[in-house]
Ligand code: SF4
Ligand code: SF4
Ligand code: SF4
């Protein structure tokens, strides 16, 4: 699949934003005072909204984006749109109440946390529902998206709390969170090795229905040039460098944040350092998400020559 | 509505005969000609005379080579347009309601004025039957020529899809699959019509007729004419002998 920057940015950034919103809502300790009550939710909202806005950049008609709220009964994309807006509105009210009263309303916060997690789940389901892309079509896809989102949120929340508290204990949980999220991604990668169009029963023979006669190969594409389908769904560049890029993703997204969090924990340093861990994790996730798209094979490639297309 | 209808009154679609198709691309051209002026936005081309032409088409012809174990390979031209699936995944993923399947005849259409051009439906289609128009940025797909088949302003013989009407080989047939007595249902029954990628669970309406078995080369050689061994007589005989002496 074509790794569109707008969609990579959307999934990573709004994932982190909703992760932070979930942590705020769930009542993670955060600094007190009006400035904190404004800037921390503003940062979370900004990340979530920036991601959502970037996702409209790949639309042909962004001015009609509001129409995407209508089909929540059948479409995951629509559901995600609806729930993200509801969650953000509730989060706005929560923030207002926090700023005015200095108190965080727990029941509302918990509701918002659930809304955030569900929003991230629905984002992932847009991809996981695609039977045409076997790599994505697994329950591990939403699990990875959720764990990365919550880990991002946790690192950032614990990091920001470093302004108020000297306790380094949250770094211990950060280590665990990062490790679990990447363990899930590792499982996803392992599974991707054994899932393929062929394993799902789709071959050039089944695509053409000619399998009962013999082995099928493409002789000629329908046209000499490219088309929308070959641009959008038949991307082969990514697969060549996949191994190297995975190492980069792991170094930035897993090794560095783990080292930072372990350092904070071991030396009882300020959790402010976890903000840095968050930033490198995000960098790693951009690479991870690029691969998520670039490595994925779409069934239509079978009509354009299969793996070598 | 992007929920699928439980059942449709009719199941209109195409039968494509892979035995007959000669790969002339006439159906593509007539499809583009009709649909660029018909339903929805025109079908655009970018850089049509340049080095990298791209454009939206509702129908494309691939060419495959199929190699049986015990016979030489043969070439199969393979036209592919939307299969108007009964369980169309392209419809249910659509966030706007632009994509829908009609309950009256099962045709899958895009209401282009509602389409936001997110491209999700093209991802959901295993067959590559949907293409984004590069100029209008809305999703284009085969309409089963909905603006011809019910069109009372055109002569009756033209009230069938443009691709079917134009095919010089008669490789495309249009009809109602829900009626077991229809021309298409009979063709499917007689010739063993098949579904493409049944494992995707899309339940396509369009069916493909596999190529008929080719004559085997052994039997082919035994059928060739015997070489002429008789000696000609008369003037031809004299000429034959004279020429042989010369050379
Ligand atoms: S062929 Fe593709 S576009 Fe047409 S109905 Fe089936 S899934 Fe949808
Ligand atoms: S591209 Fe248009 S028709 Fe396709 S899913 Fe998006 S809004 Fe629906
Ligand atoms: S039925 Fe009409 S729109 Fe569909 S492929 Fe044929 S000519 Fe094109």
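Cβ-Cβ distances below 7 Å connect the following pairs, each with a first residue in the stretch B:40-64 that is within 28 Å of residue B:76 (Cβ to Cβ) and more than 9 Å from chain A (Cβ to nearest Cβ), a second residue that is away from ligand 2 (no atom under 16 Å from the Cβ) and in a loop (DSSP other than H, G, I, E, B), and a separation of six or more residues or different chains: B:43/B:57; B:45/B:53.
Using the structure shown, decide if residue A:155 is more than 12 Å from chain B (Cβ to nearest Cβ) and surrounded by fewer than 23 Cβ atoms within 10 Å (Cβ to Cβ).
On the way: more than 12 Å from chain B (Cβ to nearest Cβ): yes; surrounded by fewer than 23 Cβ atoms within 10 Å (Cβ to Cβ): no.
So residue A:155 fails the test.
Considering the stretch B:197-213, the residues that are more than 9 Å from every other protein chain (Cβ to nearest Cβ) and assigned to a loop (DSSP other than H, G, I, E, B) include one that is surrounded by the fewest Cβ atoms within 10 Å (Cβ to Cβ), namely B:212.
Per-residue answers, yes or no, for (1) within 29 Å of residue A:234 (Cβ to Cβ); (2) at pLDDT 95 or above; (3) part of a helix (DSSP H, G or I):
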| position | (1), (2), (3) |
| --- | --- |
| A:91 | no, yes, yes |
| A:110 | no, yes, yes |
| A:126 | yes, yes, yes |
| A:131 | yes, yes, no |
| A:137 | yes, yes, no |
| A:162 | no, no, yes |
| A:166 | no, no, no |
| A:174 | no, yes, yes |
| A:177 | no, yes, yes |
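The number of residues in the stretch A:246-298 being farther than 30 Å from residue A:31 by Cα and assigned to a helix (DSSP H, G or I) comes to 14.
A count restricted to the stretch B:216-235 and to residues that are surrounded by 10 or more Cβ atoms within 10 Å (Cβ to Cβ) and either at pLDDT 80 or above or within 14 Å of another protein chain (Cβ to nearest Cβ) (or both) stands at 1. Summed over the stretch B:150-176, the residues that are part of a loop (DSSP other than H, G, I, E, B) and more than 9 Å from ligand 3 (Cβ to nearest atom) give a count of 12. Tell me, please, whether a residue that is within 18 Å of residue B:108 (Cα to Cα), in contact (Cβ under 8 Å) with a residue 40 or more places away in the chain and surrounded by fewer than 15 Cβ atoms within 10 Å (Cβ to Cβ) can be found in the stretch B:8-17. Yes: one or more hits.
Considering only the stretch B:154-161, I want to know if a residue exists there that is within 20 Å of residue B:88 (Cβ to Cβ), over 14 Å from the mean Cα position of the chain (by Cα) and more than 14 Å from every other protein chain (Cβ to nearest Cβ).
First, pick out the residues of the stretch B:154-161 that are within 20 Å of residue B:88 (Cβ to Cβ): B:161.
This time we only want the ones that are over 14 Å from the mean Cα position of the chain (by Cα), so: none.
Scanning the stretch B:154-161 turns up no residue that is within 20 Å of residue B:88 (Cβ to Cβ), over 14 Å from the mean Cα position of the chain (by Cα) and more than 14 Å from every other protein chain (Cβ to nearest Cβ).
Given the criteria within 14 Å of chain B (Cβ to nearest Cβ) and either in contact with a strand residue (DSSP E or B) (Cβ under 9 Å, 6 or more places away or on another chain) or buried (at least 20 other Cβ atoms within 10 Å of the Cβ) (or both), does residue A:260 qualify? In short, no. Within the stretch B:110-149, the residues that satisfy the criterion of being more than 16 Å from ligand 3 (Cβ to nearest atom), in a loop (DSSP other than H, G, I, E, B) and touching a helix residue (DSSP H, G or I) at 6+ places or on another chain (Cβ under 8 Å) are B:114, B:115, B:116, B:118, B:119, B:126, B:134.
From the list B:88, B:26, B:73, pick out the single residue that is in contact with a strand residue (DSSP E or B) (Cβ under 6 Å, 6 or more places away or on another chain) and at pLDDT 95 or above.
Checking each option against the conditions leaves just B:88.
Please work out which one of (1) in contact with a strand residue (DSSP E or B) (Cβ under 9 Å, 6 or more places away or on another chain); (2) more than 16 Å from ligand 1 (Cβ to nearest atom); (3) within 9 Å of another protein chain (Cβ to nearest Cβ) is the condition residue B:139 fails and give its number. Of (1) in contact with a strand residue (DSSP E or B) (Cβ under 9 Å, 6 or more places away or on another chain); (2) more than 16 Å from ligand 1 (Cβ to nearest atom); (3) within 9 Å of another protein chain (Cβ to nearest Cβ), only one is false for residue B:139: (2). Filter the stretch B:116-142 down to the residues that are buried (at least 24 other Cβ atoms within 10 Å of the Cβ) and more than 11 Å from ligand 2 (Cβ to nearest atom), then identify the one that is farthest from residue B:197 (Cα to Cα). Out of the qualifying residues, it is B:142. Within the stretch B:177-196, restricting attention to residues that are within 27 Å of residue B:72 (Cβ to Cβ) and more than 16 Å from ligand 3 (Cβ to nearest atom), which residue is farthest from the other protein chains (Cβ to nearest Cβ)? Applying the filter and picking the extreme gives B:190.
Filtered by the rule that a residue be assigned to a loop (DSSP other than H, G, I, E, B), touching a strand residue (DSSP E or B) at 6+ places or on another chain (Cβ under 9 Å), in contact (Cβ under 8 Å) with a residue 12 or more places away in the chain and within 7 Å of chain B (Cβ to nearest Cβ), the stretch A:195-245 gives a lone residue, A:221.
The residue that is farthest from ligand 2 (Cβ to nearest atom), among those in the stretch B:101-115 that are more than 18 Å from residue B:38 (Cβ to Cβ) and touching a residue at least 60 places away in the same chain (Cβ under 8 Å), is B:104.
The set of residues in the stretch B:79-100 that are more than 7 Å from chain A (Cβ to nearest Cβ) and crowded, with 24+ Cβ neighbours inside 10 Å comprises B:79, B:81, B:82, B:83, B:84, B:85, B:88, B:90, B:91, B:98, B:99. Among the criteria (1) without any contact (Cβ under 8 Å) to a residue 40 or more places away in the chain; (2) closer than 13 Å to residue A:23 by Cα; (3) buried (at least 24 other Cβ atoms within 10 Å of the Cβ), the one residue A:112 does not fulfil is (1).
Listed by first and then second residue, the pairs linking a residue in the stretch B:25-36 that is within 14 Å of chain A (Cβ to nearest Cβ) to a residue that is within 16 Å of ligand 2 (Cβ to nearest atom) and outside any helix (DSSP H, G or I), with Cβ atoms under 9 Å apart and 6 or more places separating them unless they lie on different chains, are B:28/B:58; B:31/B:43; B:31/B:58; B:31/B:142; B:32/B:43; B:32/B:56; B:32/B:58.
The values are calculated or read from the model by the stated rules, or taken from the named source; none is laboratory data. Model, not experiment: these values are computed from the prediction. Cβ coordinates were reconstructed from backbone atoms using ideal geometry, including for glycine residues, and neighbour counts include every protein chain displayed.
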